[in-house]
1. Being modelled with pLDDT of 75 or more, part of a loop (DSSP other than H, G, I, E, B) and either touching a helix residue (DSSP H, G or I) at 6+ places or on another chain (Cβ under 9 Å) or in the same structural domain as Glu510 (by TED's automatic domain parsing) (or both) narrows it down to one of Thr544, Thr551, so name that one.
2. Could you tell me whether Glu302 is at pLDDT 90 or above, surrounded by fewer than 17 Cβ atoms within 10 Å (Cβ to Cβ), outside any loop (DSSP other than H, G, I, E, B) and among the acidic types (Asp, Glu)?
3. Quick check: anything in segment 328-335 of a type outside the set (D, E, K, R) and at pLDDT 85 or above?
4. Applying the selection to segment 569-619, what residues are in a helix (DSSP H, G or I), surrounded by 20 or more Cβ atoms within 10 Å (Cβ to Cβ) and in the same structural domain as Thr438 (by TED's automatic domain parsing)?
5. Just need a number here: residues in segment 151-165 that are outside any loop (DSSP other than H, G, I, E, B), closer than 23 Å to Val244 by Cα and in contact with a Pro (Cβ under 9 Å, 6 or more places away or on another chain).
6. Do you know which of the residues in segment 517-548 that are touching a strand residue (DSSP E or B) at 6+ places or on another chain (Cβ under 9 Å) and not hydrophobic (A, V, I, L, M, F, W, C) is surrounded by the most Cβ atoms within 10 Å (Cβ to Cβ)?
7. Does Ala508 meet the test of being at pLDDT below 80 and aliphatic (A, V, I, L, M)?
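The values are calculated or read from the model by the stated rules, or taken from the named source; none is laboratory data. Bear in mind that the values here come from a model prediction, so they are computed numbers and not experimental data. FYI the Cβ positions are ideal-geometry reconstructions off the backbone, even for glycines, and counts take in every protein chain you see.
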Amino acid sequence: MTITTVALSKLIPSEANVRRFNSEAGIEALAADIAAHGLIQSLNVKPTAKGKFEVLAGGRRLRALRHLQGKGGCILGQKVTKDYPVPVLQGLAEGVTETEISLAENFQRSAMHPVEAIAAFGKLNKDEGISPEEIAARFGISRMTVRRRLVLADLSPRILEELRQDHMSLEQAQALTITPDHARQEAAWFGAQHSWNREPQHLKRRLSEERLHPTDKISHFIREEYLAAAGAVERDLFATQEQVYLVDKELAYSLAEQKLETHREAVTAEGWKWITVTPDFAYQTSHQYGRVYAEKVDLSAEDQARLDALNAELEALSAQLEEHELYGDEDPEDLTTEQAALVENYNKVNSAIERIQDREDVYTDEQKAVAGAVVTLDPVGDIRIERGLIAPQDRIAHEAKAKAAERAMQTDGETVSAETEADVDTNTLSAALTEDLTAQRTAALAVELAIRPDVAILATTYSLALQHFYAGTYDSSKPISAVQIKRETPPRASDEMAQTPAILALAALETAWRDRLPRKAADLWHWCATAEPATLIDLLAALTGLSLNATQQRHEKRHTRHENADQIARAINFDMARHWQPDTAFFRRTSKAFMADAIKEAASESHHTVAKGLLKLGKAEAIEAAVEAMSGRGWLPMPLRTPAMAVPPDALEQQMDEAA
């Protein structure tokens with residue numbers, strides 16, 4: 001065997017090389033490594049009759065060299081050309097075949113232990129002063145990969161020794177990197193009482209207990225301001241999306257209060273008795289407040305006439321949409337000129353109707369004189385304004401006055417019922433799409449309610465009590481139950497969404513019980529009377545689920561029926577993300593601007609460039625990019641989200657104890 005050099009142009013792949021699947025994955029990184037460190041291992045070659053040399057072992061190195069030649073790259077400062085001298089090992093030992101030498105080179109390789117690689121990267125950076133950027137360039141890997149290995153190198157020596165001895169997994173070590181404090185790392189690992197305490201997610205939770213989590217509403221609201229103020233942070237570099245934990249809670253809350261204060265003036269101008277600005281309007285204390293609701297007022301004769309005309313026009317336009325198989329929320333790019341004009345006209349009429357209907361719900365000057373507003377944050381960190389709150393010190397007097405007015409009305413022989421409706425912000429989604437989405441949410445919520453007899457009994461009992469004991473009382477804030485004690489047909493969605501998992505699951509639930517029950521109605525009483533109590537409870541839960549209606553129809557405002565559905569959802573820890581994710585059918589009915597906003601909200605920063613470039617793509621390409629970016633993110637559009645609880649169970653129990 002002879003060590004020599006051969007011009008790059010004379011080297012060709014050999015059929016004897018055992019590597020048959022020549023993927024390009026990793027070739028660029030290998031080329032960067034060779035460029036920075038030279039060709040550390042020679043190629044094994046065999047001469048051919050035509051003056052070429054077959055590469056028996058080292059095919060990937062040959063492709064990396066050609067990659068450098070094509071880019072005009074250099075190896076240790078020497079440009080790689082066709083004449084570049086490549087070090088080779090020519091010839092075979094006696095009795096060794098070409099296939100054997102190729103197999104031996106690949107077979108004898110042994111991967112480094114993770115700790116060895118981690119320690120080597122740490123030494124390059126700390127001891128030899130090579131920056132993360134330079135390390136990334138020399139090895140052809142991303143800067144994030146280098147950062148991850150360096151943060152592992154900074155772990156406590158005791159933790160690294162545990163990893164070296166294979167007493168912990170790499171994922172467990174990665175979980176401990178969210179804090180640079182060696183004492184905290186060791187306490188989390190060595191202080192664990194049970195094996196499940198050492199699961200990566202549990203380790204992360206323990207180490208972040210005193211920090212603001214990246215998903216905390218305060219973090220969402222002032223993250224950029226906090227970073228600009230140089231607030232202390234701890235990072236989880238190993239999450240799918242790099243997560244930043246805010247360490248200085250005092251600074252975070254101070255920044256949140258300052259940012260919220262900028263909204264005080266506009267709310268004050270509305271004329272409320274008092275205004276409170278706080279980033280954390282604690283639900284534990286919110287039940288102490290009373291509330292007044294926006295009242296329905298009669299429309300003027302002119303507005304009513306206009307509303308009637310618009311409703312008639314909308315009905316005609318809806319019929320035309322059905323003829324064209326349109327929903328009214330399509331992107332104009334997907335439509336003909338005629339169809340786009342029809343959809344635009346439909347939406348204009350619908351908006352005009354909503355503007356007139358909005359005039360029916362107003363807070364009166366009398367209500368504002370006794371009530372106030374809170375400028376705060378919702379559970380995801382967006383600004384929320386709670387209007388119409390009665391301060392605790394004013395609540396008793398206000399409720400006494402309201403009861404006196406109710407008694408006076410009943411004395412006069414009048415029974416008045418009023419329904420308060422709360423608008424939902426559907427600016428980003430059409431009414432038709434909201435109806436389709438909430439039909440699916442109804443189905444999914446019903447399926448999960450049907451296997452929670454405890455909550456089903458609560459919901460059914462509540463509905464019966466509401467109808468029996470409160471039907472004749474006047475109360476402008478009287479709720480409406482989402483569960484009606486009557487037969488409800490399964491929620492309908494458009495044909496495009498009729499085969500979604502939630503809709504199909506609800507149909508399967510109904511079919512399963514239909515098969516279990518007797519065929520004749522005359523036999524039902526005996527079946528129920530002889531059934532096990534647990535079976536009856538399960539049937540009650542299923543019937544309660546089948547009676548639930550949380551669908552928001554396209555010309556319907558959101559009101560307390562939907563709020564009660566949210567209460568049920570919270571009671572069973574309902575998560576719509578288990579039943580639905582944004583797909584092509586969904587994004588086809590949204591604008592590219594909506595897609596871009598959704599990606600920015602849900603996906604990682606690496607996808608923000610996708611969001612920015614979305615508007616330049618055609619609709620089909622934009623939909624494909626949006627589906628890919630949002631896959632597995634657990635993101636939900638607003639109509640599918642369940643708002644946080646206004647009065648948590650512990651507060652409810654406290655109220656019951658106080659009442660007792």
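1. On inspection, the qualifying residue turns out to be Thr551.
2. Here the answer is no, as Glu302 does not meet what is asked.
3. no
4. Across segment 569-619, the qualifying residues are Ala569, Met576.
5. Total satisfying the criteria: 2.
6. Per the stated criteria, the residue is Gly545.
7. In short, no.
For (1) buried (at least 18 other Cβ atoms within 10 Å of the Cβ); (2) in a helix (DSSP H, G or I); (3) out of contact with any Phe, Trp or Tyr (no Cβ under 8 Å at 6 or more places or on another chain), each residue gets a yes or a no:
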residue	(1), (2), (3)
Ala117	no, yes, yes
Ile130	no, no, yes
Ile135	yes, yes, no
His167	no, no, yes
Ala175	yes, yes, no
Ala183	no, yes, yes
Ala187	no, yes, yes
